Structure formats: structure tokens, C-alpha cells
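A short write-up of the structure that comes next.
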Amino acid sequence: MCKMDPPHSGKDLSNTPAIPFATACANLPYDLFVWEILARLSVKHLLIYKDISPCWCAAIDDAAFVRRHREFSRESPPSMLIIPRKSSLEDDIELSEDIIFHRLHIGRTLDTFEEEKVELMLKKECPPGVEGITNKIFPMHCDGLVAIATVNDQVFVCNPATQELVALPRGTPDARIIKDPVAALGFDASRNQYVVARYFYWHYDVDESIGVLDYEIGHEVFMLGGDSWELTDCPPGVIVATPPVFVQGAFYWGTCANDDLQSGVLLRFNLRERNFDMVPYPPEFVYHDHLADLNGKLCYVSSVSEPTYDVWQLEDDKIHQPKWSLRCRIDPVDEGLGVDAFFPIWAGAGRIMVAVDYEKLYWCEEKSGYMEEILEFEEETDLDSEDYNCYRYHVVPYMESLISIRVCNH
């Protein structure tokens, strides 16, 4: 059993929190200190403690401690990760040697921010042996991990807090010439595994003269900590570019009918059962609108009546009795706002945070529908002024964790 004595490693402790060596903590049982105090610290400080004490290193590396730290992180308000990528039609498939993560902290009152400036969290080079990361990406977050899908069928997973970046083995090649980068990340509680899912087309041919699509679609999953993709049942429909979402143990993919873009359904892939079922869209469905996880509920954003956006929420996810309700109606400040993108990111204190057109972040009042600008990414990150490129700014909710991508059974 380790003791509560300060470690004598000769390391400089000036930048570490003082609480482990406080008199009150010194009298605590070791287990209580580890589970109730150490587990509440930031990943940055925990990594320092791993380096100065073999005893604490063993405790922090323990899978039970990683789970405990994750529990505390889930209970805290999330911060926002902002991921800038160069943006133009010519640059979409261009490869870059690194990826950058900026971070914005939400305050304790949930409708404020701890810092006015966006902070640079991590600039990470590609793993060895990988050519690069395409400029066009789709990021998705789960428990401190970020999956990064690219347009060349490569998927990366990063833990920005621990600075771990892994290139997953390439999955099944997608036959489409033009495609959006899409992969989904979620947690399979029944198997205690983090899972990445993606769809692909073995065959994809559009007869534009009659508007008919001839296709063969597949779907596969990758368990983090594993070494290969596994094919699942094939999706029962054409999956479109609507970004997927993970809610309550299932991935949701947007679809459309082969000959009618207005008659699609949501495909739900249940991680426990590893199978697909279907959920009808809410009223006023438009196939290219957006899905979101808001307060653990599946939400769908419709932009039928421009410039107004309706946010629908699924109250009952039983396959034969879906019940969608109108959660709120959002009226943009400026007409035309959200033409390129209107992504609900997070909800709290009666507000919804929305990333708009890959350029700005807004608070939206759920009761009134009023939108208030939070910040403009270009001004906060200063990237455009440095290299004169245009950027697309992706935003995902984020919480810190110690979860290792290579050893992911926590």
C-alpha cells in the first residue's frame, strides 16, 4: 500500500497543484485520496504526477481509476473543441502533416465561459507511416476521444488531453469518387468497448437521365484496442451525408429512398445487438439537415421554412411508436445565416449552443428562439492572419479523459 508522503523524485513540483501535500490530505487514507481527490484533477496534472511518483503512476494507470476519472468528467460541464482545417474545393483532398485543437471552457453557470480567449490545446503531427490528414474531415467526440474521418477512407482517433493520436487500419474502400468524410464514435457499455463505425459503397452508380441510383452499401465497426474492422449487417437503405450521431447506445444515420429524397428514415445501429432498425423522420423532413445529441436526447434540425430552424426531439424511440416533439424554433439574427451549416453542439440552462457556417458560435434561447453571437473563430484563433488561407472550423463538445486508444477496455 502506498503512503501519503510527498514523493522524493527530485522533480520540479512548482507547477503542480498543492492539494496532495496539504495537511488535511496528508491525514486521509490513501484510497480515499486517490478516488476522491486525485481522480478529480485535470489530465495535465495527473500526467505530471505519473512522472514524479511510481506509486501514483500505478494508481493513475489502473483501469478502475481511469473509469473513476471519466465519471467525474462526465458530471462536469463540457468544454468545446475547435478544429480548424483549410477550406476550398481544391484543398479538400490535400494532405496536411498535423491537426490542431483549440479549446473553449464553459463556466460554472453554463451560459458563460471561463476564458474570453480560445486557447491552443494541441498541435499534433501525423503518426509515423501516414501520409497526412485530408483538409476535409468530420470529427466526432465520445468520452475524451475524437474520431476524425477523412475523404480518403482513413480514420484517426485522438485523445487531445494525453496527446495520443492513432491512425486506424484502413477499412473497406469506398467506390464513390466524390464522398463526404463520415465515421461515428460511441461506447458499447455491454462490451465495455469504444467503437468506430463507418459505411461505404461497394458499388455506386447514378443514372442522371432517370434519377435512379444503383448501389451496394456496406457497414463496418472497429473496436478500439483491436486490430481490424468487422463487417456488420448491411444498412437497409441509402445513407446520405447527414453527419451521424451517437445517442443512448446507438448510432443514427440519415437516409433517403432510392427514388425519392423526401421519403427517407433514420437508420439506427444498436451497438449491443449489432443490428439495424429504422426510425421515421419527424415532420417537415429535409434529407440534408442535421442530427444532434442534446441532453442525451436525439434531436433533428430542420430548415424547411427559411430562415427559421425547427429543433425536433425524439421522446419515444420505440421503433413502431416514435414520438417527435418540437423542442424549439430558432430565428437567426441575419437572413441567410446557417446556409452552409447549422450544427447544434450542446444544450444547457435553457440555451442551445450552435456552430454556424463553420465560422461562428452562437447561443440560442430555447423559449424565444433568439440567437446571440458568442465568438467568431477567425478572430479567436488568428490562423487566417498568419497564412492567408481560408479555414473551416469544426466544433465538438469535449471532456477530458485518460482513456488510451490502444488499450481501450476501461
(message) Scan segment 294-308 and tell me whether some residue there is modelled with pLDDT of 90 or more and in contact with a Gly (Cβ under 7 Å, 6 or more places away or on another chain).
(response) no
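How many residues are open to solvent by 50 Å² or more (accessible area, probe 1.4 Å) and either touching a residue at least 60 places away in the same chain (Cβ under 8 Å) or of a type outside the set (Gly, Ala, Ser) (or both) if we restrict to segment 193-224?
From segment 193-224, those open to solvent by 50 Å² or more (accessible area, probe 1.4 Å) are 202-210, 212, 214-216; that's our starting set.
Checking the rest, the ones that are also either touching a residue at least 60 places away in the same chain (Cβ under 8 Å) or of a type outside the set (Gly, Ala, Ser) (or both) come to 202-208, 210, 212, 214-216.
Result for segment 193-224: 12.
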(request) State all residues of segment 225-241 that are under 23 Å from Asp289 (Cα atoms), in contact (Cβ under 8 Å) with a residue 40 or more places away in the chain and assigned to a strand (DSSP E or B); if no residue qualifies, say none. (result) Ile239
(request) All but one of (1) in a strand (DSSP E or B); (2) in contact (Cβ under 8 Å) with a residue 60 or more places away in the chain; (3) open to solvent by 50 Å² or more (accessible area, probe 1.4 Å) hold for Pro169, so report the exception by its number. (result) (1)
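For the structure I just gave you, tell me whether Thr162 is assigned to a loop (DSSP other than H, G, I, E, B) and crowded, with 18+ Cβ neighbours inside 10 Å. Before the answer, list the steps.
Details: assigned to a loop (DSSP other than H, G, I, E, B): yes; crowded, with 18+ Cβ neighbours inside 10 Å: yes.
When the stated conditions are applied, Thr162 passes them.
The values are calculated or read from the model by the stated rules, or taken from the named source; none is laboratory data. Because the structure is a prediction, the values reported are computed rather than measured. Using ideal geometry, Cβ is built from the backbone for each residue, glycine included, and neighbour counts are taken over all protein chains shown. Only protein heavy atoms, including side chains, enter the accessible area calculation; ligands, DNA and RNA are left aside. Shrake-Rupley method; radii C 1.70, N 1.55, O 1.52, S 1.80 Å.
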